[in-house]
Amino acid sequence: MTGPHPNLTPSVIFGLGFLYLILFCMNVAWTVRSYKKDGEVHLPSLLGGGHAPFALWWGLYSALLSMVTFAHFTGSGNPDQFLISLPDFIKAPIDALVADPRLFFGITLLIFIGIIVFRRRLATPTAGWILLNAALLFLILSMTDYDFRQIVGKPDNVPIVAMLFIVGFFTWLYFNRANENDERAAKGLPPKESENNEKILVWPDLVYSELICMIALTAFLFFWGVCLQAPLEEPASSVKTPNPSKAPWYFLGLQEMLVYYDPWLAGVVFPSVILGGLMALPYIDFNKKGNGYYTFNERKFAVSVFLFGFLPLWVGMIILGTFLRGPNWNTFGIYEFWDVHKLEALNNINLSEYFWGGFGMALPTNPLIREVPGIMLTLAYLVFMPQLLAATVFRTFAYRMGFLRYMVFSNLVLLMAALPIKMVLRWSLQLKYIVAIPEYFFNI
Amino acid sequence: MSVGDYIRESQIWKSIFRHPAPYDRRNRIVVVLTNFFLHLHPVSIKQNGIALSYTWCMGGITFFLFLAETITGVLLMFYYRPTLEWAFTDILALRDVTTLGIMREIHRWGAHAMVITVWLHMYRVFLTGSYKPPREFNWVIGVILLVLTLLLSFTGYLLPWDQLAIWAITVGSNMARATPFLGHEGPGYQLLNLGGYDLITKVSDARFLLLGAREVGEETLNRFYILHCVAIPLVVASLIAIHFWRVRKDGGISQPL
Ligand code: HEM
């Protein structure tokens, strides 16, 4: 077992012991909270029936964690015999799922829809705690894999892992607050934010909170700086190209778009559209409700579109770019070795080749004629789709927004949809370009 | 008289703080009005405006991180020379031989954290609908701040001059050569020509403007250094001031009407 890439080593096991210890302490605290707040449950007749505090489950779970912690601290001497690790029959299917961009995107989309549909059930404290525990356990167990540690343990990737948890937490918090306000609204009550909302003096209330916050953050930064060294690789060399070459992590969403669109779109036009769209947002959203308090029901459309852009498209693409894209920009599973020689057949075909080939004709030499079908499609998408939408799904929007505002809005939505559309076309038809005029660097 | 009172009664203390200690209501108001640093705040605010569960404190944390980056950044500048000869070795020395050698760590992790908190701040502002009238324009200023935060991080990424740095910047800046009309591999660049001569070439396009050269090199390092340490921070600082000013002028932190 102990090859050059051992899954378990004494120090790994010992280190994971500390993670389990933290998890154990967290759950002890949660058990106490649960005992005070969660009330009682019926015990199944198997256990003798009757009532017991709900906290019993958390207590049992914590006890289990304490044993696991203990096992890690005592069993670290003998990695070969250590049993607590992720078995291959679990790793393989997970890898198969995430290493395929189609499935990956499908999964993120499902999660996104799931969040919105099941928001009432997911945004309770207990459900949140279960999700947090599941995520942490998944992370800790995955750490028993060598290749997973290589990628997640990269110093620059640590903040990204943290970000995933933080974004998850705040999304949960949002729905928790929004559900509460939505229930209040259903009962005819004002949002919770308007309760206990007296004026208070900035000194001392705000000034002191700021001071405490600053001290805590300074301590946190020092702690982080001491624990984790900033990465420094070999000195720069313009001849040794690393494989993969990645942009800084917050731009990986854009780099991911490069797979589907040429740089002029993925690197220039789309980023500008994203920023322009964000700036235009307050002038497009004409819904007066939901200003100054959390709510979902009162602004379903706006929130869903924004969450779609932020969660699956932005954060999802960062995950894909950071953890799953390896050498030659191939996708790899999270437990998979980054093999430079992994080959993926790329056989993409342009729309024009499909079109003229379909008539059994040779490609016309004049690029404009050759690309007529793609150009027509693109124009139709940008010019006629807004009208079509205005007559159908966006009828009320078009009516209430007025012409200019509606055109900006509908084009933004269409451009946002352009990414998933091209993805699906690539995956299903192996479509390379809709319009391909490489002579003028004009490829769509 | 206690020592504290003695100090507070002294001429020096009184010359600095122009009012008695903020023990009573009147002086708690006066302190905020007369202190330069505190006057960024209003005198009183609604309870909800400082509720953690409402603002998530993310704007405040972003601002704190900006300050922390400024301080650690200035310290780093004492040690760092932006030349091909020294950049990498200076960074190496920062870790190995400098007293308090974790400033680079704090600066780098602080930068990552700032990118994350600025997103979360935007997330919060969106989810509370705080971009709605009358705060539309402050949201626009915010989006500009978001871009500038990313650019700060991006320009700083190059400075250690290691493999990670130049290739990340190479990947990022390669996109610029595909800028429509303005990049030498962008659609429509041929349209910009004068009497048959292309105006947009390898040495005159958007990428060249960014890099100061055809490839990421010493000119780029210099350019990014100045952008990172001087130009962008100045703009960000001014915009943050405007941003805060607008928060107050737009009626404080948003709340139900
Ligand atoms: C360097 C970056 C930024 C800093 C330092 C900053 C700082 C702040 C602070 C301290 C507040 C007070 C309330 C709070 O803490 O939430 C605030 C409010 C606000 N920010 Fe920012 N911000 C930044 C970027 C942004 C971005 C990216 C956006 C949006 C795209 C934005 C939009 C707003 C709006 C609309 C308000 C008013 C919110 C309300 O009234 O509830 N800001 N900002």
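The values are calculated or read from the model by the stated rules, or taken from the named source; none is laboratory data. Note that the structure is a prediction, hence the values are computed from the model and not measured. Don't worry about glycine lacking a Cβ; one is built from the backbone with ideal geometry, like all the others, and counts go over all protein chains shown. The area values use the complete protein model at the heavy-atom level, side chains included, leaving out ligands, DNA and RNA. Shrake-Rupley method; radii C 1.70, N 1.55, O 1.52, S 1.80 Å.
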In terms of the charge dipole of the stretch B:138-257, which places +1 on Lys and Arg and -1 on Asp and Glu at the beta carbon, the residue among B:L152, B:V203, B:T179 farthest towards the positive end is B:L152
Separation of the stretch A:363-442 and the stretch A:33-99 by C-alpha centroid, Å? 51 Å
Am I reading the B/A interface right? What is its buried accessible area, both sides, 1.4 Å probe, to the nearest 100 Å²? 8400 Å²
Linear extension gain, A:L137 paired with A:A417, 0.36 nm per residue minus alpha-carbon span: 97.3 nm
Helix A:55-74 sits at what angle to the longest principal axis of chain A, using alpha carbons and giving 0 to 90 degrees rounded to 10? 90 degrees
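Would the protein assembly as shown count as rounded, prolate or oblate if I go by the C-alpha gyration tensor, calling it rounded below 1.5 in a/c and otherwise prolate when a/b exceeds b/c, oblate otherwise?
Values: a/c = 1.31, a/b = 1.21, b/c = 1.09.
Because its axes are fairly even, with a/c under 1.5, the protein assembly as shown counts as rounded.
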To the nearest 0.05, the calculated FRET efficiency linking A:T241 and B:H19 through their beta-carbon distance, R0 being 60 Å, is 0.40
Treat each spin label as a single point 7 Å out from the Cα along the C-beta direction, and report the A:N287 to B:F181 distance in nm. 3.6 nm
Which whole-Hz couplings ³J(HN,Hα) result when phi for each residue of the stretch A:36-51 is put into the Karplus expression 6.51 cos²θ - 1.76 cosθ + 1.60, θ = phi - 60°, listed in order with x for Gly and Pro? 6, 10, 8, x, 10, 10, 6, 7, x, 4, 4, 8, x, x, x, 10
When the Karplus curve 6.51 cos²θ - 1.76 cosθ + 1.60 is applied with θ = phi - 60°, which whole-Hz ³J(HN,Hα) does each residue of the stretch A:370-385 get, with x for Gly and Pro? 4, 9, 3, x, x, 5, 4, 4, 4, 4, 4, 4, 8, 9, 8, 4
Cα centroid separation, the stretch B:159-195 to the stretch A:279-296 (Å): 37 Å
Take the stretch B:115-257, compute every pairwise Cα distance, and split them into 5 Å bins from 0; I just need the percent in each bin. 2, 9, 15, 15, 13, 12, 12, 10, 7, 3, 1, 0, 0
Quick one: accessible surface of A:M214, probe radius 1.4 Å, all protein chains present, in square angstrom to the nearest 10. 90 Å²
Where GluC sites (Glu not before Pro) in DSSP loops with at most 14 other Cβ within 10 Å are excluded, longest remaining stretch of chain B: B:86-214
Could you work out what % of the accessible surface of the stretch A:1-79 is carbon and sulfur, using a 1.4 angstrom probe and leaving DNA, RNA and ligands out of the count? 72 percent
For a quick check of understanding: with a 1.4 angstrom probe and all protein chains in place, what accessible area in square angstrom does A:Y283 have, to the nearest ten? 100 Å²
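How large is the accessible surface per residue of chain B, computed with a 1.4 Å probe and reported in Å² as a whole number? Provide the component values of the computation, followed by the final result.
Values: 12480 Å² over 257 residues.
That works out to 49 Å² for each residue.
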When 1/r is averaged over all different Cα pairs and the result inverted, which Kirkwood radius in Å belongs to the stretch A:1-79? 14.4 Å
With +1 on the Cβ of every Lys and Arg and -1 on the Cβ of every Asp and Glu, the dipole magnitude of the protein assembly as shown about its Cα centre, in debye rounded to the nearest 20, is 2320 debye
For A:V98, A:V408, write out the residues from largest to smallest accessible area, computed with a 1.4 angstrom probe and no ligands counted. A:V408, A:V98
Farthest toward the dipole's positive end in chain B, which of B:G129, B:P233, B:I102, given Cβ charges of +1 (Lys, Arg) and -1 (Asp, Glu) about the Cα centre? B:G129
Vicinal HN-Hα couplings computed from phi for the stretch B:20-29 (Karplus, 6.51 cos²θ - 1.76 cosθ + 1.60; Hz; Gly/Pro x): x, 4, x, 9, 10, 4, 4, 6, 5, 6
Gyration tensor on Cα atoms of the stretch A:115-238, a ≥ b ≥ c root eigenvalues, a/c under 1.5 rounded, else prolate if a/b beats b/c, else oblate, says oblate
Quick check for me: using +1 on Lys/Arg Cβ and -1 on Asp/Glu Cβ, what's the dipole size of the stretch B:1-111 about its Cα centre, in debye to the nearest 20? 520 debye
How big is the C-alpha Rg of the stretch A:330-444 next to the rule-of-thumb value 2.2 N^0.38 Å, as a ratio? 1.40
Whole number please: convex hull volume per residue of the Cα set in the stretch A:250-294, in Å³? 109 Å³
Hey, got the average number of other protein chain Cβ atoms within 10 angstrom for residues in B:119-127? 6
Nearest 5 percent is fine: what portion of the DSSP beta bridges confined to the protein assembly as shown is antiparallel? 90 percent
Starting from the residue with the highest accessible area, list A:M401, A:M26 in decreasing order, probe 1.4 Å. A:M26, A:M401
Counting sequence-distant residues (5 or more places) and residues on other chains, those with an amide H built under 5 Å from that of A:L86 are A:T144
Mind giving me the nanometre distance, one decimal, between the label points for A:F301 and A:C227, set 7 Å out from Cα along Cα→Cβ? 4.5 nm
Across bins of 10 angstrom width beginning at 0, how are the C-alpha pair distances of the stretch A:49-98 distributed, in whole percent? 20, 27, 30, 19, 4
To the nearest whole number, what is the average tally of beta carbon atoms from other chains within 10 Å of the beta carbons of peptide A:217-226? 5
So, R0 is 30 Å and r is the distance between the beta-carbons of B:L92 and B:L209; what FRET efficiency does that work out to, to 0.05? 0.45
Pair B:L40, A:I116: separation of 7 Å Cα→Cβ label points (nm): 3.7 nm
Give the long-range amide H neighbours of B:S44: residues separated by 5 or more places, or on another chain, with amide H under 5 Å away, using H modelled in the peptide plane at 1.01 Å from N. A:V202
Could you tell me which of A:A162, A:A96, A:I111 has its Cα farthest along the dipole of the stretch A:62-183 towards the positive end, charges placed at Cβ (Lys, Arg +1; Asp, Glu -1), taken about the Cα centre? A:I111
Working with all protein chains in place, sort A:H341, A:H5, B:H184 by solvent-accessible area computed with a 1.4 Å probe, largest first. A:H341, A:H5, B:H184
Reference-scaled alpha-carbon Rg (2.2 N^0.38 Å with N residues) for chain B: 1.31
Skipping prolines and chain starts, which residues have an amide H placed within reach, meaning under 5 Å, of the one on B:D162, given they are 5 or more residues away or on another chain? A:A236
How high is the FRET efficiency from B:N193 to A:L379, r the C-beta distance, R0 25 Å, rounded to 0.05? 0.40
Computed about the Cα centre, the charge dipole of the stretch B:1-44 from +1 Lys/Arg and -1 Asp/Glu charges at the Cβ has a magnitude in debye, to the nearest 20, of 140 debye
Probe 1.4 Å, all protein chains in place: accessible area of A:L388 in Å², nearest 10? 100 Å²
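How much length is gained if the chain between A:H42 and A:I107 is pulled fully straight, taking 0.36 nm per residue apart and subtracting their Cα-Cα distance, in nm to one decimal? The partial results should precede the final answer.
Details: separation 65, 0.36 × 65 = 23.40 nm, distance 3.52 nm.
Answer, rounded to one decimal: 19.9 nm.
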When the accessible area of the stretch B:36-146 is split by element with a 1.4 Å probe, what percent falls to carbon and sulfur? 75 percent
